[in-house]
Amino acid sequence: MKDLRIKKHPILGEAKFGKKITIFVDGKKFSAYEGEMIASALYAKGIRKLRATSKFKEPRGIFCAIGRCTDCVMTVNGVPNIRTCITPVQSGMRVKTQKGLGKWKK
Amino acid sequence: MKKKIFTQDYYKNFPGYPSKERLAKARVVVIECVQDIPCNPCETICPRKAIVVGKPITNLPRLIEENCTGCGRCIPICPGLAVFVVNNNYNDKESTISLPYEFLPLPEKGEEVIALNREGEKVCRAKVISVLDPEKNNRTAVITIAVPKEYSGEVRGIRLIRKNP
Amino acid sequence: MEEVMVVGGGPAGLCAAIESARYGVKVILIDENDMPGGQLFKQIHRFFGSAQHRAGIRGYDIGNSLLSESEKLGVRVLLNTVVWGIFQDNFLGIKTEKETKILQAKKIVVGTGALENPLAFPGWTLPGVMGAGAAQTMMNIQRVLPGKRILMIGSGNVGLIVSYQLLQAGAKVVALVEALPKISGYLVHAAKISRAGVQILTSHTIVKADGKGEVKKAVIAKIDENFKMIKGTEKEIKVDLVCIAVGLRPLDELCWMAGCQFTYIPSLGGFIPLHSRDMETTVSGIYVAGDVSGIEEASTAIEEGKLAGIAIAESLGYISKKEAEEKKELSWESLRELRLGSFGEGRQKTKDLILKQYNSLHKM
Ligand SMILES: Cc1cc2nc3c(=O)[nH]c(=O)nc-3n(C[C@H](O)[C@H](O)[C@H](O)COP(=O)(O)OP(=O)(O)OC[C@H]3O[C@@H](n4cnc5c(N)ncnc54)[C@H](O)[C@@H]3O)c2cc1C
Ligand code: SF4
Ligand code: SF4
Ligand code: FES
């Protein structure tokens, strides 16, 4: 299966990924490595659409990758509007594609 | 069609480009640095004082061609990857070109590769003569290839033939 | 009250902290990331410069050496901490992972760096369109390839260098388009990607990015001297990533909040806080350095940071005026040198202009 992680690099050398962990993306089991940001872990496996805008339901994904543009927000462990490009994965974390402004889990 | 920007004709008028006579004689550096950028490590590293930038530091690097031994030390230090060494005296039919290379995988000694011109187009096939360990030069490898003599002014890059693993 | 708080741990902030700590000033450096260094750790290429400017050294190596120097000098570093406001009398609002608090410092250095400019075109909000800096963060920090086939927009140094780094990471850069008739970054950087097979298309632009739900292709076309698309020259290319590299602007919100006076200089990125030769803004005790005081380079950010650091040590009485002047002269000299040549002299002129405006305000 496709994996966009860069394992060997001519300048940066061999990558050191953290421990393999499981998170849940829209309810499905998903493998990631400790230390990775949610958005890049998803991107590495080809998941680039992270949310849909409220009015026109347009897809959005990573745009700035440094936590400034909020294009990458998702609902994480029930909390909406989490900037996934700067939020590290954690074992057992539940990540949901966000629709519009998202909803708080009651 | 795309207009060519990076050609031998363009570069040969700059002060880092050796004369035809010097190129024909023996191994020599070819510096393709053409703008007044504040930079001079090529000058600093040369043990033979064959490259002069001087003051101001934005001067173009000027080659003192009789001083250069073609040792190649200045190739991997150049941030612009703009320094090459050409040896037109390698044998009767071939010249060698030494160039900086920062991609993976590295070619191996003896491997056949595709020689590219400055625009990335295939010129001919080339044989890898040597590969200088990138670890010794902070990750910039120096590859020396042999190409038919007539192409030594054109070839400035390589592409591997083998598939990436 | 703290002595000095430095906002932003890029080369500018780090050097401001290092330089003042060197003379005994107690410094706190704040950065929102989990590691200081700013842009430096994404820069895996060798930098231009002279021996004293660490020429031929890769960006991240410069970052590492600055980090160890700041550690040695005992600079206190607060990471994962955002400064969200600067208020009257040098109060700062900071937010750590756990709490929000207000601190006060005798001197503040703002070294917050820059933001990438966006570029709007049909399809620019699709997943698979991102800033060149974002692509750089993904591949060099996160170690995830942002695309396999790429269209780069913009031939400034950022567009050229990020294209090269994409190639190094294993991607194919299908084309680089530039609206101007000529390449705007350094030709040596352009030559690197050209000989690696990247087509550099000047007088070209992107017409749209397209694909269901994410980028699958893009259309590019030729433009005339009025930047109008020439009909019939459209070409569709198969790409999965479009990277935007059309310039940066100073991240100067904190300076606005602090009440600094600005001037507008498009070539330095837009609104620039006025500053003295010591890098002090029009608000006494607040200094700027690096990209926030005008988009330049890491090498100039380093010198500007040093100047702020020395000036602060001087005004807090840690070094004499004479010693400070001597040290500052070295940095001024370096800056003059770094701003030479056809790429630098424009920056020197605008920096002189800023100084003139600052001085005329201060005569009143
Ligand atoms: C692709 C590319 C290639 C480059 N190549 C070169 C080169 O070859 N040579 C060269 O000299 N320069 C180069 N540069 C330029 C150089 O990286 C920048 O000019 C330099 O990093 C600016 O330094 P700085 O300290 O001002 O800002 P930055 O390095 O951007 O650091 C600012 C820091 O402040 C943090 N921050 C911002 N706001 C806050 C806040 N409110 N609270 C807490 N923290 C905050 C940011 O997260 C960041 O860590 C390149 C830039 C790019 C994008
Ligand atoms: S090849 Fe050797 S002698 Fe010639 S300029 Fe370079 S460092 Fe100097
Ligand atoms: S080191 Fe390279 S880029 Fe720098 S002046 Fe010499 S040739 Fe030019
Ligand atoms: S991609 Fe911009 S905030 Fe995450």
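For this structure, a couple of remarks:
- Over the range C:15-99, volume per residue of the alpha carbon convex hull, in Å³: 121
- Surface burial for C against B, with a 1.4 Å probe and both sides summed, reaches about 3000 Å² of accessible area.
- Flagged links, alpha-carbon separation over 21 Å, of B:LYS55/C:LYS322; A:LYS20/A:LYS49; C:LYS148/C:LYS238; A:LYS28/C:LYS42; A:LYS29/A:LYS96: B:LYS55/C:LYS322; A:LYS20/A:LYS49; A:LYS28/C:LYS42
- Cα gyration tensor, the range C:121-165 - rounded (a/c under 1.5), prolate or oblate: oblate
- Accessible area buried by the pairing of A and C, both sides summed with a 1.4 Å probe, works out to roughly 2700 Å².
- Proximal lysines relative to C:LYS356, as straight alpha-carbon distance under 20 Å, when same-chain residues fewer than 8 apart are discounted: C:LYS328
- Computed from the Cβ-Cβ distance with R0 of 41 Å, the FRET efficiency linking C:MET1 to C:GLU329 stands at 0.85.
- 3J(HN,Hα) from dihedral phi, the range B:142-147, Karplus parametrisation 6.51/-1.76/1.60, rounded to Hz, x for glycine, proline: 10, 10, 10, 10, 10, 9
- The range C:260-296 residues near the modelled C:GLU253 label - backbone nitrogen below 12 Å, point 7 Å along Cα→Cβ: none
- Our note on the geometry: Cα centres of the range C:12-83 and the range A:1-29, 28 Å apart.
- Cα centroid of the range C:106-181 to Cα centroid of the range C:241-256, whole Å: 12
- More than 17 Å apart - percent of Cα-Cα pairs taken over chain A: 53
- Sorting the segments C:92-101, B:94-103, C:258-267 by their mean number of nearby beta carbons within 10 angstrom, highest to lowest, gives B:94-103, C:258-267, C:92-101.
- Theoretical gain in end-to-end length, C:GLU234 to C:LYS321 [0.36 nm per residue, Cα-Cα removed]: 25.0 nm
- Heavy atoms of B:ILE57 accessible to a 1.4 Å probe, total area in Å² rounded to 10: 10
- For C:GLN104, the residues 5 or more places off, or on other chains, whose built amide H falls under 5 Å of its own are C:GLU2, C:LEU92.
- Heavy-atom SASA rank of C:GLU326, C:GLU19 (probe 1.4 Å, accessible area, largest first): C:GLU326, C:GLU19
- Kirkwood hydrodynamic radius (C-alpha pairs) into Stokes-Einstein, chain B, 10 °C and 1.306 mPa s, D in µm²/s: 99
- Estimated from helices alone, the mean residue ellipticity of chain C at 222 nm is -10500 deg cm²/dmol (sum of -39500 (n - 2.57) over DSSP H runs with n ≥ 4, per residue).
- Mean partner shielding of peptide C:211-217, defined as the number of other chain Cβ atoms within 10 Å of each residue Cβ, is 2.
- All C-alpha pair distances within the range C:167-269, sorted into 10 Å bins from zero, spread as 12, 34, 30, 17, 7, 0 percent across the bins.
- Using the Cβ-Cβ distance between C:LYS26 and C:PHE271 with R0 set to 45 Å, the FRET efficiency from 1/(1 + (r/R0)^6) comes to roughly 0.90.
- Computed magnitude of the charge dipole of the range A:17-97 (debye, nearest 20; Cβ of K, R +1, Cβ of D, E -1): 220
- Radius of gyration and Dmax over the Cα atoms of the protein assembly as shown, both given in Å: 25.4, 82
- Rounded Å value of the spacing that divides the Cα centres of the range B:97-119 and the range A:48-106: 43
- When the Cα gyration tensor is reduced to axis lengths a ≥ b ≥ c, the ratio a/c is 1.5 or higher for chain C, and with a/b above b/c it is classed as prolate.
The values are calculated or read from the model by the stated rules, or taken from the named source; none is laboratory data. Computed from a predicted model, the values in this text were never measured in an experiment. Virtual Cβ from ideal backbone geometry, glycine too; neighbours counted across all protein chains shown. Heavy atoms of the whole protein, side chains included, go into the accessibility calculation; ligands, DNA and RNA do not. Shrake-Rupley method; radii C 1.70, N 1.55, O 1.52, S 1.80 Å.
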